[in-house]
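The values are calculated or read from the model by the stated rules, or taken from the named source; none is laboratory data. Here the structure is a predicted model, which is why all the values come from computation and not from measurement. Positions of Cβ are generated from backbone atoms using ideal geometry, with glycine treated the same way; all protein chains shown enter the neighbour counts. Keep in mind that these areas ignore ligands, DNA and RNA; they rest on the heavy atoms of the full protein, side chains included. Shrake-Rupley method; radii C 1.70, N 1.55, O 1.52, S 1.80 Å.
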Amino acid sequence: MFELAAVFLLCAVALSYLIVTETDLLKAVAYSGVFGGLILLTLYVLMAPDVILAYVAISVGLSTGLMVFVVSKTTRHEVV
Amino acid sequence: MIETAIYVLFAIYGLSGVLYFIRLIKGPTIVDSILAADCVSLDVALIALLLSIYYKNSFLAVGALFLVLWAFILDVFAAKYLTRGEVGT
Amino acid sequence: MRFLPVTLLAFILYIIITGSATPYDIITGAITAVVAGLLFGRYLVKNPQKALNPARWVAMVAYFIKYITVIELKAHLDVIKRIISGETNPGIIKVPITVKDEYAKFLVANSITNTPGTVTVYMDDEYAYVNWIDVKTRDPDEARREILEEFEKHAKRIFEG
Amino acid sequence: MKKLITLSIILLAVLAGAYYLSSYLAPRAELNALGEFYLRNSYFGEHSAGSPEVVTAILWDYRGLDTYFETAVLFMAIISAVSIFRNIPSVSFHPRGFTNITKTGVKIVGLITFVAAATTAFHGHITPGGGFQGGSMLAVVPLLVIVGFSKKALEKAGLNKERALVIRTIGLLTIALAAFYPLLAGGRFMQNLSIYPKELYGMLVSGSLSLFNMAEFLAVGAGFTIIFLLLSNPEGGSEA
Amino acid sequence: MTFALALIVSSIAAIIIISLYGIAVRPNLVKKIICLGIFSDIINVAVILLGYRAVKNPLPPVLTDYSQKGVEELVRGAVDPLPQALTITAIVIGLAITVLMAYGAIHIQRKYGTVDVRKLVRWEE
Amino acid sequence: MILTVIGLILLAIGAVCDLLGAIGIHRFNTFYLRLHAATVGTVGGKFYPLLGVAFIAAEQGLWPVVGISVLAALLVLVTTPVGSHALAYAASKARIVEMELDEFRGEEDV
């Protein structure tokens, strides 16, 4: 099962590149939510239940809400 | 028997996860992307519960509950932002 | 009195999530349940007699079992056929609803959305706006019979009357 | 299309790097001496922390001083964020909330989130979880209320900025007092067992660990609540 | 197993490089904050990877069987608890720091009407 | 043994539904149709497998996992329709996706 962690992190590499190059910031927030899910599965394989509980609250619950708040108060589209 | 079945299930759920993932990237509008992100996060919860059965360890299961519980939080936030412009009102 | 149903529900949830029932669990669970009842009871429960009536719970369980087997199966097969064949006729139509209670409306809306093929777009006191994958009719009464009459019947039995 | 080409180049580079690295790396099966010490001593043993949950034992007993100062850092971060937002005039607005279905859903999910957060915090010394985790989960409840109803609904229900600050101060004061009390009783700073009891009426409370967890639960939850209350003020109106 | 470990290490390195690129090059402050979040997440994963043990079916560092036999079982199979304990506070403090930076970005938007770094630099001209 | 078989059957049903939903989300060409395909993926593809996980865990004696997976299965039925409804409302109200037959457009809401 340790090999699964490699697969998840390989997907996370692709996703991090997409987050960096995306110009629609709301879409970038959605991507980072999925990125959080992949990191969470990696933590499952690495056997860290405490960190999972902290990370799921921060990443899925609070951080997405915070970033949508910030996007709603600044601009949505990034001009490259 | 269960271990083999879990490997096969990982493959199938992973394949559908990848298909959702492609829609997440392609999605012509923002709502398509958020819908796909929702489906992927539920997939993640299911795979997490399957992992906790594979390792026969009940401590790993609790995280999946919170993933299911808060899967709709991004939908509601983004919908409120798209319709009202402000989130706090 | 209004906080009693919420307290009971919170205690049961606490024991389920913990997964054990030692004295420590029961004491902390009782504390949490009382606090949750005092904090949330005003907003969740309007009528405690209704919430504590076991007949309603039995009706709810019966509806739940019927819903997840018969109704879901029919709707799934229909939508899967459409996914394979690709023929659709979508539209958002206006359907009158008759239930008044908050949770009854929530149950009806969720039942509509969870059935593949129909999604509640908006619901106010008189009408539900439903996105339907195959608009067979635009007549409100006939659409009501097709989409939500059965859900409303059960919702009335569970939450109203 | 250009994006896809760059992406495949990056993935190929990662695979090539892995192929190169695989001759140098070897997975490690043995345990550090320090890690073995913690695993052996956390529940039994001479230097016991009285908790079967080794991570919480390290957090609040063996490395308690680190966590104490990290709590102070968290306090500083939240206080500085609050102080930035100090003199912003609040704009009057009509609270509308979101749709009715969302409101009912938020009520149900809020109750379950509250109970689950309390479970995580109360069982921090027995099963995975603890004050930080439970507090972060608790802060999701006001966030959900803000998006489903509005900021004003939360304030009308009695949770405004001042009360959240009071709850937060209570939590931090409890942590400070529980950390300093062993000095008065003749022990060292943040000493756990032999000052605090390991078992209370037959229930495992692991000395001061459960007390620290509950206080941290309140402090972290109320701290993040203040942040979201300040953030949810609508823009516009008079310029600051 | 060795190749999987190497793949994990190189993926972590790649994500660190990509997120640092995002922090340095992208002009929008909000995008910088998102990239910083990715960076701190992957650093936490790297720290936890240091405590992993390559035994078959490893255990989380929680004692379930309260006896000496249970302790022996734990020492045989459990992963190292110290990196996990250090990571938990790092995650929570990371969110608090992110909040502080987000407040800064909102204030910049209020004062100058933009969060684009290139425009902010030329503001005084 | 019988519980494991029931659980595996439920998981297999879920896998098929999930795959069909993922295919449907690519075959349909507008957002609202994809929403229906995604419902097949969430209810058929997540609710039944979560119940199946509960059956398998009951066979192995992992009672906390049983409680959590049953609770998660029920929560799927409560939370995901709220999310779908919010997205459909936003798509119609903010005019992100246009649709020919739309009786909600132009209606006042609270």
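Key figures
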read-out	value
Test item: Cα-centred dipole of chain C, Lys/Arg +1 and Asp/Glu -1 on Cβ, debye	360
Proximal lysines to residue D:2, defined as alpha-carbon separation beneath 27 angstrom and excluding residues fewer than eight positions away on the same chain	A:27, B:26, E:31, E:32
Per-selection Kirkwood Rh - chain D (Cα, Å, 1 d.p.)	21.3
Of every Cα-Cα pair in region D:80-153, the percent that sits beyond 19 Å	53
Binned Cα-Cα distance frequencies in region C:17-83 - 5 Å width, integer %	3, 13, 11, 11, 14, 16, 12, 9, 7, 4, 1
Cα centroid separation - region C:49-102 against region A:25-49, whole Å	33
For region D:1-89, with +1 on Lys and Arg beta carbons and -1 on Asp and Glu, the positive-most of D:52, D:68, D:5 along the dipole	D:5
Kirkwood Rh and Cα Rg combined as Rg/Rh, the protein assembly as shown	0.95
Given charges at Cβ of Lys, Arg, Asp, Glu: chain D dipole, positive-most of D:112, D:128, D:42	D:112
Rg ratio (alpha-carbon, reference 2.2 N^0.38 Å) - region B:46-88	1.70
Reference-scaled alpha-carbon Rg (2.2 N^0.38 Å with N residues) for chain B	1.32
222 nm mean residue ellipticity, helices alone, for chain C (DSSP H n ≥ 4; -39,500 (n - 2.57); rounded to 500)	-19500 deg cm²/dmol
Mean Kyte hydropathy of 0.5 or more with a Cα span along the axis of at least 27 Å, helices from DSSP in chain A	A:2-21, A:25-45
Choice from C:63, C:127, C:24 showing the highest fluctuation, given a GNM over chain C with Cα pairs closer than 10 Å	C:24
Value in Å of the Kirkwood radius, where chain A supplies the Cα pairs that are averaged	13.5
Region E:3-120: Rg to Rh, with Rh as the Kirkwood radius over Cα pairs	1.17
Residue with peak Gaussian network fluctuation, chain D [Cα springs, cutoff 10 Å], from D:101, D:227, D:126	D:101
Cα extents of region D:145-240 along the three principal axes, largest first (Å)	58, 30, 15
D_trans [Stokes-Einstein, Kirkwood Rh over alpha-carbon pairs] for region F:1-67, 4 °C, 1.567 mPa s, µm² s⁻¹	104
Cα-Cα separations in region A:34-80 greater than 13 Å, expressed as whole percent	61
Cα lying deepest toward the dipole's positive end in region E:3-120, options E:95, E:51, E:108, charges on Cβ	E:108
Loop-located chymotrypsin sites (Phe, Trp or Tyr not before Pro) in chain B, at most 13 other Cβ atoms within 10 Å (DSSP)	none
Anchor residue B:56: lysines whose Cα lies under 20 Å away (excluding residues fewer than 8 positions away in-chain)	E:56, E:69
Out-of-range pairs (alpha-carbon distance over 29 Å; input C:81/D:107; D:161/F:93; B:80/D:3; B:80/F:46)	C:81/D:107; D:161/F:93; B:80/D:3
³J(HN,Hα), Karplus 6.51/-1.76/1.60, whole Hz, each residue of region C:126-136, x for Gly, Pro	10, 10, 10, 9, 10, 8, 10, 6, 9, 6, 7
Chain B - mean residue ellipticity at 222 nm from DSSP helices (-39,500 (n - 2.57) per run, n ≥ 4, rounded to 500)	-26500 deg cm²/dmol
Unit Cα scatterers, Debye sum, region C:3-51: log10 I(q)/I(0) for q = 0.12, 0.13, 0.21 Å⁻¹	-0.25, -0.29, -0.66
Whole-Å semi-axes of the ellipsoid equivalent to region C:9-161 (Cα gyration tensor, √5λ, descending)	36, 19, 14
For region D:96-240, size of Cβ-based charge dipole, Lys and Arg +1, Asp and Glu -1, in debye	300
Sparsely packed GluC sites (Glu not before Pro) within region F:8-110, loop by DSSP, other Cβ within 10 Å at most 13	F:98, F:100, F:108
Chain E, helix-only ellipticity at 222 nm - DSSP H runs n ≥ 4, -39,500 (n - 2.57), divided by all residues, nearest 500	-25500 deg cm²/dmol
Residue E:99 - accessible surface, heavy atoms, 1.4 Å probe, Å² rounded to 10	0
Cα-derived Rg to Rh of region C:57-132, Kirkwood definition	1.01
Convex hull volume per residue for region E:1-45, taking Cα atoms only, in Å³	48
Check: region C:122-161 dipole with +1 on Lys, Arg Cβ and -1 on Asp, Glu Cβ, in debye	160
